[in-house]
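The values are calculated or read from the model by the stated rules, or taken from the named source; none is laboratory data. Not measured: the values here are computed from a predicted model. Neighbour counts run over all protein chains shown; Cβ positions are idealised from the backbone, glycine included. Side chains are part of the model used for accessible areas, which takes the heavy atoms of the whole protein and leaves out ligands, DNA and RNA. Shrake-Rupley method; radii C 1.70, N 1.55, O 1.52, S 1.80 Å.
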Amino acid sequence: MNTNFDYIVVGSGINALVCAAMLGGKGQRVLVLERNDRIGGCMRSDEITAPGFVHDVMATTFILFVTGPAYSVLGPDLERLGVEFCNTDIPHAVVLPDGRHLVIRRDRNVNVQALDALASGDGANYRQDMEGIEKDAALLFGLLGGRLWSFATLKLMLTEAWRRGPLGLKALIGNALTPARSWLESSYRSDVARALWAPWSLHAGLGPEDAFSGQIGKVIGFSLEAGGSPIVKGGAGKLLSAFSKLIAERSGTIRTQADVVSVIRTGGRATGVRIASGAEFFAAKGIICSMTPTQLYERLLGGAQVMNEPDAIANYRHGKGNFQMHYALDRMPAWKNAELAQAAVVHLTNGIDGVSKACNEALRGMLPELPTICVQQPHVLDPSRCPPGKAILWLQMPEAPRFVKGDAASLLDPPEDGRWTESVREAYADRVEAMLAAHIDGFQESVVARRAYSPADVEAMNINLVGGDPYGGSSTIDQALLWRPFKHSVNHRTDVEGLYLIGASTHPGSGLGGGSGFLLAQHLTG
């Protein structure tokens, strides 16, 4: 039995590491317990295709982290310990099946000109969208990244109501709930401009018809223009190494292969945890779990119900699965549109209708006929990721079914039990590759190696990615903000005194920002 800790943090994703490092910085004794053989959650770097090619196996872009409050506090120390971010002036591009494309830069005036060249007035509407985010930044980012049940948020809302008037505030909130389709079809005449922004709602766990997806699209567009699409030089593993050193410097302890199986309660309060080996660890001030609510309540709390919501766990919904592919190439990709070769992220999409169709197919358990393909080019930002003259591609298909009921293209037979198999995975990867190869000359001849991960493979790497859902649960409005994870949730508290829940399943939600870990650590240390 070990009682030499103030807090125990269960899990080691970005939120857990931020929380542990911040608590340690305030003199708290912290123990981090991770069930896998390494820390990182959705962050890991490996040579999974060929020697010398370093891939971020799951998450890779750190725009939410470098522009967020956690990095403003921890960044100087992480940089001192070896972290460096690589960026580009061309964070994003889109290409349609017919080859039409658009590149977005970190220069608003240039972007306005590019959009106006597609359709007169689209540039002005883009400027208006971006200036609207700037104008409302205090409120938007206060709600998206702040502690919602707090005096600070109440003061923020009252101030805004006073400044705008009650009807003005009501209108602002109503506009924020606009779906991406409605926003794009009313604001942009060019279908290429609409295609540029349509896929980004997928990266927040939403679809283009979901409420709030339009506002999310604007916020992401603003973030890309302001902060680019940064990745960690040398791979996300370098950030994990720095976090490990920082937590150790602050008298924290990290243990891997320590699978927490239960929370120990004494007098109704969480006082410790038990791991699979039978060892027990105790904390004087609290237990912080970075995981899905289903893991916490069903596994660590032995099937306990949520107070005031007996069906909360049964009703908690997970989102679409995530399908990933990684390529090692023996040369730089020869995009048919040369501008795309310098973009950090390229979306291959059939436009807003294509995104909507693939989204619907995935939600119904179908393999999308023409999935949206998110292509990241790490070698453009960080040439050290691969041998000189070579290249790496990181592909994400955010519209993948958790369980396979059928194929929207009517070409692949679904597995009888609906579970992803190696043969279905590789056949679907072939479909994606054919779509990509149509835009890159000699692509298939340039492939040194390919590695595909189905939603089932993604879940096998991280128990919290249920069905391959990387967003910790559906992010639709009824399961977001004040209602994340449950309708009666209050910040990161649970029903058990001294037990806290952080991670993608809690506000502010998914993404590599470390927001929930930051908010809780800030609250606990005053």
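From the set of residues in region 130-142 that are in contact with a helix residue (DSSP H, G or I) (Cβ under 7 Å, 6 or more places away or on another chain) and aliphatic (A, V, I, L, M), which is most open to solvent (accessible area, probe 1.4 Å)?
Per the criteria, the residue is Leu140.
Can you name every residue in region 320-345 that is in a strand (DSSP E or B), open to solvent by less than 30 Å² (accessible area, probe 1.4 Å) and either within 11 Å of His439 (Cα to Cα) or at pLDDT below 95 (or both)? Write out each step before concluding.
Start the filter on region 320-345 by keeping residues that are in a strand (DSSP E or B), which leaves 321-329, 334-335, 345.
Cutting the leftovers down to open to solvent by less than 30 Å² (accessible area, probe 1.4 Å) gives us 321-329, 335, 345.
Scanning region 320-345 gives a single hit, Trp335.
Among the residues of region 1-18, write down those that are surrounded by fewer than 24 Cβ atoms within 10 Å (Cβ to Cβ) and at pLDDT 95 or above. Outline the logic, then answer.
Of region 1-18, the ones surrounded by fewer than 24 Cβ atoms within 10 Å (Cβ to Cβ) are 1-6.
Scanning region 1-18 gives Phe5, Asp6.
What number of residues within region 166-193 are among the aromatic types (Phe, Trp, Tyr) and part of a helix (DSSP H, G or I)? So that I can check it myself, show each step before the final result.
Let us first name the residues in region 166-193 that are among the aromatic types (Phe, Trp, Tyr), namely 183, 188.
Checking which are part of a helix (DSSP H, G or I) leaves us with 183.
Matching residues across region 166-193 total 1.
Looking at Phe243, Phe222, can you tell me which residue is closer than 30 Å to Arg127 by Cβ and of a type in the set (A, V, I, L, M, F, W, C)?
On the way: Phe243 fails: closer than 30 Å to Arg127 by Cβ.
The match here is Phe222.
Please indicate, with yes or no, whether at least one residue in region 235-251 is open to solvent by 20 Å² or more (accessible area, probe 1.4 Å) and in contact with a Phe, Trp or Tyr (Cβ under 9 Å, 6 or more places away or on another chain).
Step one: filter region 235-251 for residues open to solvent by 20 Å² or more (accessible area, probe 1.4 Å), giving 237-238, 241, 244-245, 248-251.
Restricting the remaining residues to those that are in contact with a Phe, Trp or Tyr (Cβ under 9 Å, 6 or more places away or on another chain) gives none.
Within region 235-251 (the criterion being open to solvent by 20 Å² or more (accessible area, probe 1.4 Å) and in contact with a Phe, Trp or Tyr (Cβ under 9 Å, 6 or more places away or on another chain)), the answer is no, since none of the residues qualifies.
Looking at (1) in contact (Cβ under 8 Å) with a residue 60 or more places away in the chain; (2) farther than 22 Å from Gly41 by Cβ; (3) part of a helix (DSSP H, G or I); (4) open to solvent by less than 10 Å² (accessible area, probe 1.4 Å), which is the only condition Ser356 fails?
Ser356 satisfies all of (1) in contact (Cβ under 8 Å) with a residue 60 or more places away in the chain; (2) farther than 22 Å from Gly41 by Cβ; (3) part of a helix (DSSP H, G or I); (4) open to solvent by less than 10 Å² (accessible area, probe 1.4 Å) except (4).
If Ser120 satisfies every condition in (1) over 27 Å from the mean Cα position of the chain (by Cα); (2) closer than 23 Å to Ser229 by Cα but one, which is the exception?
So Ser120 meets the others, but not (2).
Scan region 381-406 for residues that are part of a strand (DSSP E or B) and in contact (Cβ under 8 Å) with a residue 60 or more places away in the chain and report the count. Working first, answer last.
Looking only at region 381-406, we keep the residues that are part of a strand (DSSP E or B), and these are 391-400, 406.
From what is left, the residues that are in contact (Cβ under 8 Å) with a residue 60 or more places away in the chain are 391-400.
Of the residues in that region, 10 qualify.
Does Arg127 satisfy being basic (Lys, Arg), assigned to a helix (DSSP H, G or I), open to solvent by 30 Å² or more (accessible area, probe 1.4 Å) and at pLDDT 95 or above?
yes
What residue, of Ser505, Ser516, Ser510, is modelled with pLDDT of 95 or more, among the hydroxyl-bearing types (Ser, Thr, Tyr), assigned to a loop (DSSP other than H, G, I, E, B) and within 15 Å of the chain's Cα centre (by Cα)? Lay out the reasoning, then the answer.
Working: Ser516 fails: assigned to a loop (DSSP other than H, G, I, E, B); Ser510 fails: modelled with pLDDT of 95 or more.
Result: Ser505 is the single residue among Ser505, Ser516, Ser510 that is modelled with pLDDT of 95 or more, among the hydroxyl-bearing types (Ser, Thr, Tyr), assigned to a loop (DSSP other than H, G, I, E, B) and within 15 Å of the chain's Cα centre (by Cα).
What's the number of the only condition in (1) over 21 Å from Gly513 (Cβ atoms); (2) open to solvent by 50 Å² or more (accessible area, probe 1.4 Å); (3) touching a helix residue (DSSP H, G or I) at 6+ places or on another chain (Cβ under 9 Å); (4) basic (Lys, Arg) that Arg108 fails to meet?
(2)
Look through Ile254, Ile247, Ile313, Ile288 and report the one residue that is of a type in the set (A, V, I, L, M), at pLDDT below 95, touching a helix residue (DSSP H, G or I) at 6+ places or on another chain (Cβ under 9 Å) and not in a loop (DSSP other than H, G, I, E, B). Show your work before the answer.
On the way: Ile254 fails: at pLDDT below 95; Ile247 fails: at pLDDT below 95; Ile288 fails: at pLDDT below 95.
Going through Ile254, Ile247, Ile313, Ile288 in turn, just one is of a type in the set (A, V, I, L, M), at pLDDT below 95, touching a helix residue (DSSP H, G or I) at 6+ places or on another chain (Cβ under 9 Å) and not in a loop (DSSP other than H, G, I, E, B): Ile313.
Mind listing whichever residues of region 169-192 are open to solvent by 30 Å² or more (accessible area, probe 1.4 Å) and free of Cβ contacts under 8 Å to residues at least 60 places away in the same chain? Outline the logic, then answer.
At the first step, the residues of region 169-192 found to be open to solvent by 30 Å² or more (accessible area, probe 1.4 Å) are 170-175, 177-179, 181-182, 185-186, 189, 191.
Across region 169-192, the qualifying residues are Lys170, Ala171, Leu172, Ile173, Gly174, Asn175, Thr178, Pro179, Ser182, Ser186.
Going by what's in this entry, would Leu154 be described as open to solvent by less than 30 Å² (accessible area, probe 1.4 Å) and at pLDDT below 95? Quick ask: steps written out before the conclusion?
Numbers: open to solvent by less than 30 Å² (accessible area, probe 1.4 Å): no; at pLDDT below 95: yes.
Taking the combined requirement at face value, the residue does not satisfy it.
Output the number of the condition that Leu118 fails; it satisfies all remaining conditions of (1) surrounded by 14 or more Cβ atoms within 10 Å (Cβ to Cβ); (2) within 27 Å of His523 (Cβ to Cβ); (3) among the hydrophobic types (A, V, I, L, M, F, W, C).
Exception for Leu118: condition (2).
Of the residues that make up region 210-225, is at least one in contact with a Cys (Cβ under 7 Å, 6 or more places away or on another chain) and open to solvent by less than 40 Å² (accessible area, probe 1.4 Å)? If you could, list the steps in order and put the result at the bottom.
Filtering region 210-225 down to residues in contact with a Cys (Cβ under 7 Å, 6 or more places away or on another chain) leaves none.
Checked against the condition, which is being in contact with a Cys (Cβ under 7 Å, 6 or more places away or on another chain) and open to solvent by less than 40 Å² (accessible area, probe 1.4 Å), region 210-225 yields no hits at all.
Within region 422-502, which helices (runs of 4 or more DSSP H) (wholly inside it) include 2 or more residues that are open to solvent by 30 Å² or more (accessible area, probe 1.4 Å) and not acidic (Asp, Glu)?
On the way: elements: 422-437, 443-446, 455-461.
Correct list: 422-437, 455-461.
For the structure I just gave you, tell me whether Ala152 is part of a helix (DSSP H, G or I), out of contact with any Lys or Arg (no Cβ under 6 Å at 6 or more places or on another chain), among the hydrophobic types (A, V, I, L, M, F, W, C) and touching a residue at least 12 places away in the same chain (Cβ under 8 Å).
Numbers: part of a helix (DSSP H, G or I): yes; out of contact with any Lys or Arg (no Cβ under 6 Å at 6 or more places or on another chain): yes; among the hydrophobic types (A, V, I, L, M, F, W, C): yes; touching a residue at least 12 places away in the same chain (Cβ under 8 Å): no.
No; evaluated as a whole, the condition is false for this residue.
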